[in-house]
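Have a look at the structure below before the remarks.
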Amino acid sequence: MATVEQEAPERNGIIQDAGAIPVENPATGEIIATVPDLSPEQVAEMAAKGRAAQPEWEAYGFDGRARVMLRAQKWVMDNAPKIVETICAETGKTFEDAELAEIGYAGAAFGFWAKDGPGYLADERIKSSQVLVKGKKLILRYRPLGLIGVIGPWNYPLTNSFGDCIPALMAGNSVIMKPSEITPLTSLLLAEGLRECGLPENVLQIATGRGATGAALIEHVDMIMFTGSTKTGRKVAEAAAKRLIPASLELGGKDPMIVLADADVERAANFATYYSMQNAGQTCISIERVYVEEPLYDEFVAKVSEKVRELRVGKPEGPGSVEVGAITFPPQMEIIKDHVADAVQKGARVLTGGNQTAGAGRFFEPTVLVDVDHTMKCMTEETFGPTLPIMKVSDADEAVRLANDSVYGLGASVFSRDTERGEAVARRVQAGAANVNDAMINYTVLELPMGGAKSSGLGSRHGAGGIRKYCSQQAIVVTPKLAMKKELFMYPYKSRTSKALAGLFRFLYGRGQRD
Ligand code: NAD
């Protein structure tokens, strides 16, 4: 059956004052800071400053820019405790989710783009089969677009929000980052760090604000890098299309996991548990649904339920305190509850969890659902919470058909001891990435593109495309100085040269038989 795309909830929870945005710690309910809600006029001023600062930054060259990025890498390591504290305070996530998936990513990304960025953007000498350019120098070069807008979500304020500024800067652009209004503090802290590392004034600016600030940003930049819901992504694409600027869109997902009958069931159960509950399920590439071949189904379900039951949920108190942290965005809690209630009402069983926890902070119990099918929202819409619906399938074909029965196509995973068969199944899944006997790990491979198929996005981050998208391409053709005064095909037309040229084309392209 057709699947439906999740409606992004309205942001109506904690925000009242139109001029300032309070930032809440979701694990305690306390307001920990207030940031400005920037107006379109203020965004326009920032854009003018960013444009003025860009040429000097471009003139730093790869070496100069790499030096700043490598200093920033060390700055992140030196300041990791403060960054983790900031991330945890504004998201309510666990120490481990911040340290591993955010500090670990930032450390790797600053180094990767500093070292590999120049190679991806180096001039390419091109060889051509075109006879008309024999002897000429052909170059493909990448030049920075100018001013880049980066708009990010709340689930990873450093990794997939601020993280996209790194290649944009390394390419020689100035950047204005519009972090989520829910989690603006991490970006502000990182911008402070980059200034300390020698990034010139106004090359990176943080535009705090809500959706309207993001919309205003698109009106001024040369390219927009957006990460967020599919619903907002469409609006961003429309706004970019009106201005004819490129947009790179990293959107929602409903990642399937397929467990074949010959899988290592213990490994599959551990991965299903971790990658569905990590970051309280608030990862675009979380495992959101599982399809298990019938012979392994009972054992897999028993193992996953047991493992999920043991997870501790609640307010993180430093390393090793809990496995599952808070639900960061208030309206997300309503979506999670709705998906569980909808499934139960249609016949699903809750094996563990199923409820919001009582007391301070916003937490949802790690939840396993069975007897699920594609009439239920939990199997077709992005839940973005600590829930794992598991469905029994008769064979791999049914698993692939159901995995592909989705508007989304971000990531996927397949578990099988027969890696060739696993890879063959992975190739049939319509997703931007597919892991065999693993999940989500592709995100850490900065050399590989990370992007969505179908309604999960356009374009990708990471790899060559992840930095070239912040540049325009320029083709350069250089004719040596000892060239003829004019080419043979030029005026005046003469029968002899025209016939010779026609003969040349027949010789080059007309040989051999048509089959
Ligand atoms: P969202 O779409 O509600 O908001 C994302 C950002 O867009 C926020 O900064 C918001 O202020 C801004 N925004 C809102 N309206 C705008 C407009 N009209 N113009 C410009 N900007 C506007 O998403 P969210 O709730 O913050 O994040 C959760 C979603 O992000 C999930 O769907 C998740 O799957 C997705 N996500 C995707 C990836 C990926 O790499 N594909 C990574 C992380 C999160």
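The values are calculated or read from the model by the stated rules, or taken from the named source; none is laboratory data. Nothing here was measured: the structure is a model prediction, and the numbers come from that model. Note: ideal-geometry Cβ built from the backbone for every residue, glycine included; neighbour counts use all protein chains shown. Just so you know, the surface numbers come from the protein's heavy atoms only, side chains and all, with ligands and any DNA or RNA stripped out. Shrake-Rupley method; radii C 1.70, N 1.55, O 1.52, S 1.80 Å.
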Legend entry - Pairs, first within 13 Å of ILE151 (Cα to Cα) and more than 7 Å from the ligand (Cβ to nearest atom) in region 224-245, second of a type in the set (D, E, K, R) and open to solvent by less than 30 Å² (accessible area, probe 1.4 Å), C-beta under 6 Å, six or more apart: MET225/ASP164
Inset, instruction - Please list, ordered by first then second residue, the pairs with beta carbon atoms under 6 Å, 6 or more apart or interchain, first in region 444-469 and open to solvent by less than 30 Å² (accessible area, probe 1.4 Å) and of a type in the set (Val, Ile, Thr), second more than 13 Å from the ligand (Cβ to nearest atom) and not in a strand (DSSP E or B). - result: ILE467/GLY117; ILE467/TYR120; ILE467/PRO167; ILE467/ALA171
Inset, instruction - Would you tally the residues in region 284-310 being without any contact (Cβ under 8 Å) to a residue 60 or more places away in the chain and closer than 22 Å to ASN435 by Cβ? - result: 4
Inset, instruction - Being acidic (Asp, Glu) and within 30 Å of LYS315 (Cα to Cα) is the filter here, so list the residues in region 18-65 that pass it. - result: GLU24, GLU30, ASP37
Legend entry - Residue list for region 179-193, restricted to those being in contact with a helix residue (DSSP H, G or I) (Cβ under 7 Å, 6 or more places away or on another chain) and open to solvent by less than 10 Å² (accessible area, probe 1.4 Å): PRO179, THR183, THR186, SER187, LEU190, GLY193
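When only residues in region 136-164 that are in a helix (DSSP H, G or I) and touching a helix residue (DSSP H, G or I) at 6+ places or on another chain (Cβ under 8 Å) count, which is nearest to ALA108 (Cα to Cα)?
Here is the first cut: in region 136-164, the ones in a helix (DSSP H, G or I) are 162-164.
Applying the additional criterion that residues be touching a helix residue (DSSP H, G or I) at 6+ places or on another chain (Cβ under 8 Å) yields 162-163.
Values: PHE162: 14, GLY163: 10 Å.
Result: GLY163.
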Inset, instruction - Among the residues of region 289-314, write down those that are within 16 Å of PHE415 (Cα to Cα) and open to solvent by less than 10 Å² (accessible area, probe 1.4 Å). - result: ARG289, VAL290, TYR291, VAL292, PHE300, VAL304
Inset, instruction - Only residues in region 165-188 that are on the phi > 0 side of the Ramachandran plot count as the first member; pair them with residues that are among the acidic types (Asp, Glu), Cβ under 7 angstrom, at least 6 apart or cross-chain, and list the lot. - result: GLY172/GLU58
Inset, instruction - Only residues in region 145-164 that are touching a residue at least 24 places away in the same chain (Cβ under 8 Å) and of a type in the set (D, E, K, R) count as the first member; pair them with residues that are open to solvent by less than 10 Å² (accessible area, probe 1.4 Å) and more than 9 Å from the ligand (Cβ to nearest atom), Cβ under 9 angstrom, at least 6 apart or cross-chain, and list the lot. - result: ASP164/ILE148; ASP164/VAL150; ASP164/VAL175; ASP164/MET177; ASP164/MET225; ASP164/SER248; ASP164/GLY466
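Would you call VAL76 part of a helix (DSSP H, G or I), in contact with a Leu (Cβ under 9 Å, 6 or more places away or on another chain), modelled with pLDDT of 95 or more and not polar (S, T, N, Q)? Steps first, answer last, please.
On the way: part of a helix (DSSP H, G or I): yes; in contact with a Leu (Cβ under 9 Å, 6 or more places away or on another chain): yes; modelled with pLDDT of 95 or more: yes; not polar (S, T, N, Q): yes.
So VAL76 fits the description; yes.
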Legend entry - Failed item in (1) surrounded by fewer than 22 Cβ atoms within 10 Å (Cβ to Cβ); (2) over 21 Å from the mean Cα position of the chain (by Cα), with TYR274 passing the rest: (2)
Inset, instruction - At least 3 residues that are more than 22 Å from the chain's Cα centre (by Cα), at pLDDT 95 or above and of a type outside the set (Val, Ile, Thr) in each: list the helices (runs of 4 or more DSSP H) lying fully within region 376-467 that qualify. - result: 396-403, 419-428
Inset, instruction - Might you check whether a residue that is touching a residue at least 60 places away in the same chain (Cβ under 8 Å), open to solvent by less than 10 Å² (accessible area, probe 1.4 Å) and within 17 Å of the chain's Cα centre (by Cα) occurs anywhere in region 115-133? - result: no
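Would region 27-46 turn up any residue that is assigned to a helix (DSSP H, G or I), loosely packed, with under 13 Cβ neighbours inside 10 Å and modelled with pLDDT of 95 or more? Walk me through it before giving the result.
Quick first cut of region 27-46, residues assigned to a helix (DSSP H, G or I) only: 40-46.
Within this subset, residues satisfying the condition of being loosely packed, with under 13 Cβ neighbours inside 10 Å are 41.
Going one step further and asking which of them are modelled with pLDDT of 95 or more, we end up with 41.
Yes, region 27-46 contains at least one residue that is assigned to a helix (DSSP H, G or I), loosely packed, with under 13 Cβ neighbours inside 10 Å and modelled with pLDDT of 95 or more.
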